[in-house]
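Accompanying notes for the structure given below.
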Amino acid sequence: MRYESPKCGVWIFRTTDLDSVRAEGSRASGKLTLTCRSLLGGAGSGRRRLTIEVTADPSSFCNADPIWVPTLDGFSDNPGCVESHAAVVRATATGGDDDEGSGPWVEEIEMTCAALEFGGEFRSGLVQ
């Protein structure tokens, strides 16, 4: 996961660098949360935590036939995907030397008119 902003600079979370990247979500609730934590942090930056929450009203998802997607056998609507173009993205970036990365740097941003898509087995199930 890469996060870049004027305040935080470039943050890169890689599981190969012992960082934690976790996704949880549900089509039924219209919510996807990504939580990234660095164990080691960057040079002189301490530990970092990034939480990205994408939400959309469940009624804003296309409820007609699933959207066709590429598969090994060509395009198909089975399993397909559903999407909303009325999502809101909220990102919170914190950092510091404590175990949770909840130290002095704090940045919160919000973006509207985003897209949120659940495809395949995640169309009706939980993302974990």
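Readers should treat all values here as calculations from the given coordinates under stated rules, not as data from a laboratory. Everything quoted here is computed from the prediction, not taken from an experiment. FYI the Cβ positions are ideal-geometry reconstructions off the backbone, even for glycines, and counts take in every protein chain you see.
On the beta carbon distance between CYS62 and GLU121, with R0 = 22 Å, the FRET formula returns roughly 0.80. Projected label points at ALA23 and GLU4, each 7 Å from Cα along the beta carbon direction, are separated by 2.1 nanometres.
The range 16-93: D in µm²/s via Stokes-Einstein (Kirkwood Rh, Cα pairs, 25 °C, 0.890 mPa s)?
Roughly 164 µm²/s, to the nearest whole number.
With each label modelled as a point 7 angstrom along the Cα→C-beta vector, the ASP77-THR33 pair spans 3.4 nm.
Under 5 Å between amide hydrogens, built in the peptide plane, is the criterion, and for THR71 it picks out SER76 among residues at least 5 positions away or on other chains.
Of the residues THR33, GLY120, THR94, the one whose Cα sits farthest towards the positive end of the charge dipole of the range 2-123 is THR94 (charges of +1 on Lys and Arg Cβ, -1 on Asp and Glu Cβ, taken about the Cα centre).
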